[in-house]
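Undergrad: A single structure is presented below for examination.
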Amino acid sequence: VQLQASGGGLVQAGGSLTLSCAASGNIFSINVIAWYRQVPGKQRELVAAILSGGSTNYADSVKGRFTITRDNTENMVYLQMNSLKPEDTAVYYCNVKTVTGISYWGKGTLVTVSS
């Protein structure tokens, strides 16, 4: 499975961004698609995840502000980020886990939120 993330950039606090992740390869083995983020010196943390059945899971810090969606016809997953805060600044990574438990990572995309 190959992943290509895009959509990062610089935005003012209170603004919005949409991240996109394109999946290719053995996509039929994908069970969970998720977005993680990481800031220097800290562990990578889960932001949002969507399961193959459509159920979603969010970090408490982004609930009500971020929305993860999945377009199976286009093999895309999106992360709509609203009401962005400076503490959302991070490198965001797309991740998939297959039904056999294998994890794949895409290259990160930087999101910078200015105050």
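Undergrad: If I model a spin label as a point 7 Å beyond the Cα along the Cα-Cβ vector, how far apart are those points for residue 43 and residue 22 in nm?
TA: The modelled label-to-label distance comes out at 3.4 nm.
Undergrad: From the phi of every residue in region 45-55, what ³J(HN,Hα) in whole Hz does the Karplus formula 6.51 cos²θ - 1.76 cosθ + 1.60 yield, where θ is phi - 60° and glycine or proline is x?
TA: Per-residue couplings from phi come out as 10, 6, 9, 7, 9, 9, 8, 4, x, x, 6 Hz.
Undergrad: Give, in whole angstrom and from largest to smallest, the semi-axes √(5λ) of the equivalent ellipsoid of region 28-78, with λ running over the eigenvalues of the Cα gyration tensor.
TA: 21, 13, 9
Undergrad: Can you compute the charge dipole magnitude of the chain about its Cα centre, using +1 on each Lys and Arg Cβ and -1 on each Asp and Glu Cβ, nothing else charged? Give it in debye, rounded to the nearest 20.
TA: Here the chain has a charge dipole of around 160 debye.
Undergrad: Name the long-range amide H neighbours of residue 89: under 5 Å, sequence gap of 5 or more, or other chain; modelled H, no Pro or chain starts.
TA: Close amide H contacts, sequence-distant or interchain: 113.
Undergrad: Can you give the FRET efficiency for residue 98 and residue 10, using 1/(1 + (r/R0)^6), R0 = 35 Å, r = Cβ-Cβ distance, to the nearest 0.05? Write down the numbers at each step before the final one.
TA: Values: r = 34 Å, r/R0 = 0.97.
Result of the calculation: an efficiency of 0.55.
Undergrad: Another question, if that's okay. Need the full-extension length gain, residue 63 to residue 31, defined as separation in residues times 0.36 nm minus the C-alpha distance. One decimal, nm.
TA: 9.3 nm
Undergrad: Apply the Kirkwood formula to the chain: the hydrodynamic radius equals the inverse of the mean of 1/r over all pairs of different alpha-carbon atoms; give it in Å with one decimal.
TA: 14.0 Å
Undergrad: Could you give the accessible area per residue of the chain, probe 1.4 Å, as a whole number in Å²?
TA: 53 Å²
Undergrad: Also, quick follow-up: In the Gaussian network model of the chain, springs joining C-alpha atoms below 10 Å, which of 12, 43, 80 carries the largest mean-square fluctuation?
TA: Residue with maximal mean-square fluctuation among 12, 43, 80: 43.
Undergrad: Additional query: As an exercise, use a Förster radius of 25 Å and the Cβ-Cβ distance of residue 112 and residue 76 to find the FRET efficiency, rounded to the nearest 0.05.
TA: It comes to 0.60.
Undergrad: Using a Gaussian network model on the chain with a 10 Å cutoff between Cα atoms, which of 101, 64, 53 fluctuates the most?
TA: 53
The values are calculated or read from the model by the stated rules, or taken from the named source; none is laboratory data. Here the structure is a predicted model, which means the values were calculated and not measured. All Cβ positions, even for glycine, are placed from backbone atoms using ideal geometry, and neighbour counts span all protein chains on display. What goes into the accessible areas is simple: the full protein's heavy atoms, side chains included, and nothing from ligands, DNA or RNA. Shrake-Rupley method; radii C 1.70, N 1.55, O 1.52, S 1.80 Å.
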